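The block underneath contains the structure these notes are about, expressed in structure tokens.
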Amino acid sequence: MELILASVFRALFAPTGGPDVALFKGFQQCWPYIDQSTYEPASDDTFSSRTTVLRAEMVNFCKVAFEDSQPRKDYEEFIKLCIA
């Protein structure tokens, strides 16, 4: 699972040059300037419209993958968890 997530991260954010990821390094440098007393996490509503479409696409992809092939047991379990 870690290898799959690492590949997704690399595809989206480009290869990292080592343990320091530029995206996170920039956030780390800006952290002292963030007013942490007024910090609030983003609500689920902020992302629901975007994630609903992505989830529907993922579920559809998983159903097709499950019907078109005979995945190994570990992948079969993973696909079933994604569809649930």
Determine, yes or no, whether K73 is surrounded by fewer than 11 Cβ atoms within 10 Å (Cβ to Cβ), within 22 Å of I4 (Cα to Cα) and out of contact with any Ser or Thr (no Cβ under 9 Å at 6 or more places or on another chain). yes
Out of all the residues in the stretch 1-58, which are of a type in the set (S, T, N, Q), surrounded by 10 or more Cβ atoms within 10 Å (Cβ to Cβ), over 21 Å from I83 (Cβ atoms) and at pLDDT below 85? S7, T16, T46
Of the residues that make up the stretch 50-65, is at least one of a type in the set (F, W, Y) and under 20 Å from L5 (Cα atoms)? yes
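Helices (runs of 4 or more DSSP H) wholly in the chain with at least 3 residues that are of a type in the set (K, R) and on the phi > 0 side of the Ramachandran plot - which ones?
Filter on the chain gives an empty set.
The values are calculated or read from the model by the stated rules, or taken from the named source; none is laboratory data. Keep in mind it's a predicted model, so treat the numbers as computed, not measured. With ideal geometry, Cβ positions are generated from the backbone for all residues, glycine too; neighbour counts draw on all protein chains shown.
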